[in-house]
1. Compute the length gained on full extension between residue 53 and residue 177: take 0.36 nm times their separation in residues and subtract their Cα-Cα distance, giving the result in nm to one decimal.
2. Sort the following peptides by mean Cβ neighbour count (other Cβ atoms within 10 Å, averaged over residues), highest first: 366-377, 324-335.
3. Pulled fully out, how much extra length does the chain show between residue 210 and residue 323, if you take 0.36 nm times their separation in residues and subtract their Cα-Cα distance?
4. What do you get for the angle between helix 309-319 and the principal long axis of the chain? Use alpha-carbon atoms, 0 to 90 degrees, nearest ten.
5. Packing-wise, with mean Cβ within 10 Å as the measure, how do 159-172, 298-311 rank, highest first?
6. Please give the FRET efficiency for residue 69 paired with residue 344, using the beta carbon to beta carbon distance and R0 = 41 Å, rounded to the nearest 0.05.
7. Once you've got the GNM for the chain with C-alpha springs shorter than 10 Å, pick whichever of 102, 11, 319 has the biggest mean-square fluctuation.
8. From the helices alone, meaning DSSP H stretches of at least four residues, give me the mean residue ellipticity at 222 nm for the chain, per-run term -39500 (n - 2.57), in deg cm²/dmol to the nearest 500.
Ligand code: DP6
């Protein structure tokens, strides 16, 4: 049997956003957040790990390139896994001394600005936990890699509890419902063409924490109420309520980014055009059928129920003409539906290629071990 462990892990997109830390080293957030985990068959990170007595150094290869193992976040994750393994006495002292090789890749373009660090760290930490036979909850270890990664440790809908302990032991993720609870929940990710370098999440939230008055109000009054309300909407499968809270929370997060000094601007004109389009679509539909949410970049994530997908895809194709029709809609297959004149008239077609492509996906499961032998490391423990 091979001593290599390989895991795939999902991306998650928050509906109640994490923005602001109370401890930067331990990555402890100012507020709770809630997300949906997305299907690994469409987007995932894949990581192979292996520990051997003859390895000379800890080594990591990311998307085919050797990277430094010195990053504090990486060190913290490996260090915490080993501490847990030692406490749980799950492996021998000798095994703990061994150096480790890690090889990881994403099946979606990192450059697209999609939540790649969340999937990457959830994958790394789950693989290491299996390698070192750690049994306790690993969400707080994934959190040390990237805050949002702790939510990718579970499938379905997930809550990250901010916690109150200074050492972060209660800052963990828990599953609200698994992926079978609301299988009709789909997502369309609209990748907006944009090359401008944005302020990283880490830096953006540091500036917000230091300067935004609105963030204080959000943390104290808005998020606690919204978190309870959206969890109830998820449990009751109340889409209009879920969608309204999702959109309001995305808008408030970007308002906080603008309220930072200097301000951080993540959404572009195209992003704002999408916001407007979705509101018009909901109005024309007579009820809230689609929600948008934006992370620290211009791409839109639309949450909608499966039955609505063909109509919304037709609308997107009508409004955003593409020069690459064959690769414009990727991921899950879905039909198209002829739009009513009322929906056709909500917007004129825009100039070509404002949206690069669309990823159609749905809510899915958490990290999974791959047992078919398709490791990223070869028998010598080096990238294949
Ligand atoms: C806007 O988890 O990338 O996507 O903890 O500094 O690594 P660090 O930040 P990160 O921030 C994600 C912010 C967000 C909102 C969210 O996912 O909740």
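Just so you know, all these numbers are worked out from the coordinates, no wet-lab data involved. Just so it is clear, the structure is predicted and the values come from calculations on it, not from any experiment. Don't worry about glycine lacking a Cβ; one is built from the backbone with ideal geometry, like all the others, and counts go over all protein chains shown.
1. My answer for the length gained is 40.5 nm.
2. For the peptides 366-377, 324-335, the packing ranking is 366-377, 324-335.
3. 36.3 nm
4. Roughly 70 degrees, rounded to the nearest 10.
5. 298-311, 159-172
6. Between residue 69 and residue 344 the formula returns 0.15.
7. Top of the fluctuation ranking is 319.
8. Helix contribution divided over all residues of the chain: -10500 deg cm²/dmol.
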